[in-house]
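K.L.:
Dropping the structure in here first, questions after.
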Amino acid sequence: MGSYILKRLVAAIPVLIGVSVLVFFIMAMIPGDPALAILGAYATPENVAKINADLGLDKPLVQRYFIWLGNMLTGDFGRSYSQNKPVIDEVMGRFGNTLILAGVAFVLCSVLGILAGVVSAARQYGLADKLITFTVLIGISIPSFFLGMILIIIFALKLRMFPVSGMYLIYGGGGPVDLMNHLVLPASALAVVATGVIARLSRSAMLEVLRQDYIRTARAKGVGERRVIMGHALKAAMVSIIPVLGIQAGFVVSGAVYIEMVFDWPGIGQMLVNAISQRDVLLVQGGVVVVAACYVLFNIVVDVAQALLDPRIKS
Amino acid sequence: MTLFNWTRRAVLAAGAALALAPMAATAQTPEGVLIVGQVAEPKSLDPAAVTAVNDFRILVNLYEGLTRYKPGTLEVAPGLAESWEVSEDGTEYTFTLRSGVTFHDGTPFNAEAVKFNFDRMLNEDHPFHNTGPFPLAFFFSSVEETTAVDETTVKFKLSAPYAPFLSNLAYPTGLMVSPAAVEAGGADFGRSPVGTGPFKFVEWRANEAVVIDKYEDYWGEPAGAQAVVFRPIEDANTRVAEMIAGGIDMMVEVPPTALSQFEGDGFNVVEQAGPHVWFLILNAKEGPLADKKVRQAVNYAINKEAIVNDVLEGTAEVAAGPTPPAFAWAYNDSLSPYPYDPEKAKALLAEAGAEGASLTFYVTEGGSGMLDPVAMGTAIQADLAAVGLDVSIETYEWNTFLGNVNPGLEGKADMAEMAWMTNDPDTLPYLALRTDAWPDKGGFNSGYYSNPEVDALLEEARTAVDQEKRAELYKQMQEIVQEDAPWAFIANWKQNAVTNDRVENFTLEPSFLLQLEKVVKK
């Protein structure tokens, strides 16, 4: 198992270098530059040249790439001009917030999705199955940002049960209860689509397994239905559910971009959108590299988990 | 059946848990604490380092400049300087400073502090010049030397007479920071700012809030609120929702379409016209618009009333010329806007032989001061089509747009949208209407307008020391420019804000700066 993990980690290095090359040159190619964004209407060629020199953007492109890469390898991601602080501080703070939101949404969609799928499969074509399938279809079909706005209107403006936006009460807030309160609406909005997808796939994975001979054997031996489903069938079905969870985790993180804008959640999606429009090159690059690294790492974790469940995969 | 029972129990349990969940989420904001919904996280709270109105809104409550704008006007009044004298030739300004003023860190505000501020910004050898970059330092580029004559006297020597100097001092770039705090904070000074203003900095929680408290030892009238919290909420709809829910007491930049939600009881909508003008740059160098008659025809053909009332929902007024009326002292109020007159436009086009001409029109998706540029551009396109002009729109994201427009429209486009907010009537025409401001000379005259008379008037106004004389020159300039029509003059934006009924004494300033010292929060 150790060598398998090592192999996967080594294979991740070229991926990350590829990401850094891509994001660097895409940012270099998009029109407009940081000096224009800083100066806005006052961007005379003279002022632009001065700002570019101050920011070190007057050096040749390839040289800039290697300076950036070299600094990054020593842990220096540069300084964000639009936030006026080290890129890594901003990225880590923001990414932490995104992980809280996406993490809660992910737990929510995994638990609810698998549960719904299992119930659906156990009661195939029954009332519960039909109800769940119907609800899931609606969930998959609603764009999450739209659902977010609807949730704000109903639960924040009409019923006044939850706050409209933000992460903590702005004055005298803080603490886990305050955080949970602010998490309910955005995490729900974010989880809905993924819940639907996971429920659909769990259902078919379960149905597949339930048709296997060993399940019939288990039933024939007189094992209780609940044990057959939760013990025998679900464990086998998890082998095909886990990769789906891995993919959905990626979708939840990227879907957080919209949700963060709607709920003013100070996460990395909101940060990247702003950084791009302000041409804060170093912040965009640093943010993308960190997110990509986490994504790659997460995929490795998923693969390892799958290998643990199903030893055939390693070979 | 076990499984079904189990899930039914789970559903019941979940329902109960939901019902018990904390319900009192929307607490009222506390008394004496004003919570302001901003449009973005500030970049920095170092006044010399920032350019955005969003940041200025916080800064003007923490800091003060040597001069300030007289409330309700764009006229210069004493700030940290009690009085000043200008030499005959307009190149020497001597300021007498208010005595007994201290920065929030307890260090004294004096002539040395003023010198430190300007040297830091302008002198590349200054030990703290590296706390920049200072993108708007060129506002003071005519300053050759700053001298601290004695504790309360400071003298500026300018390289040439420069009349906007006094109003530039009132602009946020001229706000005075504490030298001791810059020395202590270095490049991070902008995250722990120290000024002399009615509020002092308390904390900046990244992406969450900037908190400022009443400064008890303020030299002037003490602030009306105990504390102000600036909260960035980037999405305009979310900002509106927070305002309705009571999470914030005040919001700026209300989207025109949301204004009707605040018409009822419990809210006050405040409006104020400011030094803003929205116009089309017309390419006077080549193509059909090189003919003055065609440029005038464009001005006649556009239904400006419909744009400000329907597209902008009354949040702007029709512009008459290049200078916004907010510069009351320099504005020529005998000018009236080009009337909406398609027939006249058609006649002018026929005279110029430009019927049915094709025009390329640069439109931006959004940008500072651009209001609703796509909808406005489309309305203009339709108006011009009605007089037989075939306009094709090219839309760009703001930075790309500036990258296309600022180097000049030649060979690319016939017209482009643009908007400016300035602090002095000199700035915009000087940078965007003179022959010496063509893009190849480093200016913003992207439509290549050139009129020697206008050039002469603007040069003279910039070096005239007497304000009445300057006003006279600007008024003449406006008349000529309106007639020459290098731009299509469209709108002057009225800035707006909404407060709830617990906020008192709030007004918006024509400078678009958010002065909160008098505001009381019940």
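The values are calculated or read from the model by the stated rules, or taken from the named source; none is laboratory data. Bear in mind the structure is a predicted one, so any value in this text is a computation, not a measurement. Glycine also receives a Cβ, built like all others from the backbone with ideal geometry; neighbour counts cover every protein chain displayed.
K.L.:
Could you please find all residues in segment A:47-63 being away from chain B (no Cβ under 12 Å) and either closer than 24 Å to A:Glu260 by Cα or free of Cβ contacts under 8 Å to residues at least 24 places away in the same chain (or both)?
P.N.:
Listed by number, the residues that qualify are A:Asp58, A:Lys59, A:Pro60, A:Val62, A:Gln63.
K.L.:
Quickly run through segment B:209-249 and pick out the residues that are of a type in the set (Asp, Glu), free of Cβ contacts under 8 Å to residues at least 24 places away in the same chain and facing chain A (nearest Cβ under 8 Å).
P.N.:
Within segment B:209-249, B:Asp235 is the sole residue that qualifies.
K.L.:
Can you tell me which residue within segment A:201-241, out of those that are of a type in the set (Val, Ile, Thr), without any contact (Cβ under 8 Å) to a residue 24 or more places away in the chain and surrounded by fewer than 17 Cβ atoms within 10 Å (Cβ to Cβ), is nearest to the other protein chains (Cβ to nearest Cβ)?
P.N.:
Within segment A:201-241, the first condition is being of a type in the set (Val, Ile, Thr), and the residues that meet it are A:209, A:215, A:217, A:223, A:228-229, A:239, A:241.
When the remaining residues are screened for being without any contact (Cβ under 8 Å) to a residue 24 or more places away in the chain, the result is A:215, A:217, A:223, A:228.
So of that shortlist, the ones also surrounded by fewer than 17 Cβ atoms within 10 Å (Cβ to Cβ) come out as A:217, A:223.
Numbers: A:Thr217: 19, A:Val223: 12 Å.
My answer is A:Val223.
K.L.:
Same structure, new question: Quick one: which strands (runs of 3 or more DSSP E) sit completely within segment B:7-86 and have at least 3 residues that are within 30 Å of B:Thr153 (Cα to Cα) and modelled with pLDDT of 85 or more?
P.N.:
Where strands (runs of 3 or more DSSP E) fall fully within segment B:7-86 and carry at least 3 residues being within 30 Å of B:Thr153 (Cα to Cα) and modelled with pLDDT of 85 or more, they are B:67-69, B:76-78, B:81-86.
K.L.:
Could you list all residues from segment A:150-167 that are surrounded by fewer than 18 Cβ atoms within 10 Å (Cβ to Cβ) and either over 22 Å from B:Ile35 (Cα atoms) or out of contact with any Ser or Thr (no Cβ under 9 Å at 6 or more places or on another chain) (or both)?
P.N.:
Within segment A:150-167, A:Ile150, A:Ile153, A:Ile154, A:Leu157, A:Lys158, A:Leu159 qualify.
Table: residues versus (1) within 30 Å of B:Val33 (Cβ to Cβ); (2) within 12 Å of chain B (Cβ to nearest Cβ); (3) in a loop (DSSP other than H, G, I, E, B).
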residue	(1), (2), (3)
A:Gly172	yes, yes, yes
A:Ala187	yes, no, no
A:Val193	no, no, no
A:Val197	no, no, no
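K.L.:
Can you find, within segment B:369-410, the residue that is farthest from the chain's Cα centre (by Cα) among those that are surrounded by fewer than 21 Cβ atoms within 10 Å (Cβ to Cβ) and among the charged types (D, E, K, R)?
P.N.:
Among them, the one singled out is B:Asp390.
K.L.:
While we're on this one: Where residues in segment A:113-146 are of a type in the set (A, V, I, L, M, F, W, C) and buried (at least 20 other Cβ atoms within 10 Å of the Cβ), which of them is nearest to the chain's Cα centre (by Cα)?
P.N.:
Per the stated criteria, the residue is A:Ile114.
K.L.:
For segment A:69-120, which positions are over 27 Å from B:Gly186 (Cβ atoms) and either within 12 Å of chain B (Cβ to nearest Cβ) or assigned to a loop (DSSP other than H, G, I, E, B) (or both)?
P.N.:
If the condition is that a residue be over 27 Å from B:Gly186 (Cβ atoms) and either within 12 Å of chain B (Cβ to nearest Cβ) or assigned to a loop (DSSP other than H, G, I, E, B) (or both), then A:Asn97, A:Thr98, A:Leu108, A:Val111, A:Leu112, A:Leu115, A:Ala116, A:Val118, A:Val119, A:Ser120 are the ones that fit.
K.L.:
Could I ask something else about it? Within segment A:1-57, restricting attention to residues that are of a type in the set (Lys, Arg) and over 30 Å from B:Leu428 (Cα atoms), which residue is surrounded by the fewest Cβ atoms within 10 Å (Cβ to Cβ)? Give the derivation first.
P.N.:
So in segment A:1-57, the residues of a type in the set (Lys, Arg) come out as A:7-8, A:50.
With the extra rule that they be over 30 Å from B:Leu428 (Cα atoms), the set shrinks to A:7-8.
Values: A:Lys7: 12, A:Arg8: 17.
By that ranking, first place goes to A:Lys7.
K.L.:
Would you mind listing the strands (runs of 3 or more DSSP E) fully within segment B:249-356 where at least 3 residues are at pLDDT 95 or above and farther than 25 Å from B:Lys70 by Cα?
P.N.:
B:276-282
K.L.:
Kindly establish whether A:Gly173 is among the small types (Gly, Ala, Ser), crowded, with 18+ Cβ neighbours inside 10 Å and free of Cβ contacts under 8 Å to residues at least 24 places away in the same chain. Can you show your working first?
P.N.:
Working: among the small types (Gly, Ala, Ser): yes; crowded, with 18+ Cβ neighbours inside 10 Å: yes; free of Cβ contacts under 8 Å to residues at least 24 places away in the same chain: yes.
The answer is yes for A:Gly173.
K.L.:
Next up: Would you call B:Glu394 farther than 15 Å from B:Ala488 by Cβ, within 14 Å of chain A (Cβ to nearest Cβ), outside any loop (DSSP other than H, G, I, E, B) and touching a residue at least 24 places away in the same chain (Cβ under 8 Å)?
P.N.:
Working: farther than 15 Å from B:Ala488 by Cβ: yes; within 14 Å of chain A (Cβ to nearest Cβ): yes; outside any loop (DSSP other than H, G, I, E, B): yes; touching a residue at least 24 places away in the same chain (Cβ under 8 Å): yes.
Judged against the criteria, B:Glu394 is a match.
K.L.:
Looking at (1) surrounded by fewer than 19 Cβ atoms within 10 Å (Cβ to Cβ); (2) away from every other protein chain (no Cβ under 14 Å); (3) of a type in the set (Lys, Arg), find the lone condition where B:Arg205 falls short.
P.N.:
Of (1) surrounded by fewer than 19 Cβ atoms within 10 Å (Cβ to Cβ); (2) away from every other protein chain (no Cβ under 14 Å); (3) of a type in the set (Lys, Arg), only one is false for B:Arg205: (2).
K.L.:
Of all residues in segment B:433-447, which are surrounded by fewer than 21 Cβ atoms within 10 Å (Cβ to Cβ), touching a residue at least 12 places away in the same chain (Cβ under 8 Å) and assigned to a loop (DSSP other than H, G, I, E, B)?
P.N.:
B:Trp438, B:Gly443 - these are the residues of segment B:433-447 that are surrounded by fewer than 21 Cβ atoms within 10 Å (Cβ to Cβ), touching a residue at least 12 places away in the same chain (Cβ under 8 Å) and assigned to a loop (DSSP other than H, G, I, E, B).
K.L.:
Here are some residues: A:Leu201, A:Leu185, A:Leu207. Which one is more than 23 Å from A:Leu309 (Cβ to Cβ) and modelled with pLDDT of 90 or more?
P.N.:
The unique qualifying residue is A:Leu185.
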